Amino acid sequence: MTPIVFSLSGFCFGSLLKQLKKRRLELNLTQNDMLLRIGVSRHKGNPRLGTLELVAKGLNSELMLITAEKMAAVRAILESPESSLAVEERHRVTRVSQMHLGKIY
């Protein structure tokens, strides 16, 4: 899952909404797609936390609260190309292991 990250220090609700929109567009989802996926379409006003969690889930993501002290480290990890490659490699190794286990049993 892709985390949607925000920090309480210097919290900007608009920033979180921009992250949600960016993720929706990365998945090539329209607002109507979101309505069909999670029952929530374009929201006016400030959505509740439960609504944000539901939207994140619909985007194959999750909300995370990161302390200001750790925000730079988290962003560095999320933005590094190695992190996505490492995840892909772990998935590949898991699939290969499962294939071999299937042959054994």
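Here, each number is a calculation from the coordinates, and none is a lab measurement. What you are looking at is a predicted structure, and each value in this text was computed from that prediction instead of being measured. Counting neighbours? That spans all protein chains shown, and the Cβs are built from the backbone with ideal geometry, glycine included.
Numerical summary
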quantity: Distance between modelled label sites at Gln31 and Ser80, nm, 7 Å Cα→Cβ extension; calculated: 3.8 nm
quantity: Amide H contacts of Ser61 (H built 1.01 Å from N, under 5 Å, at least 5 apart or other chain); calculated: Thr2
quantity: Net charge, Leu59 excluded, C-beta distance under 14 Å - Lys, Arg +1, Asp, Glu -1; calculated: +3
quantity: Mean Cβ neighbour count within 10 Å, used as a protection proxy, ranking 20-28, 56-64, 70-78 highest first; calculated: 56-64, 20-28, 70-78
quantity: For Arg37, net neighbour charge (Lys/Arg +1, Asp/Glu -1) across residues whose Cβ lies under 13 Å away; calculated: +2
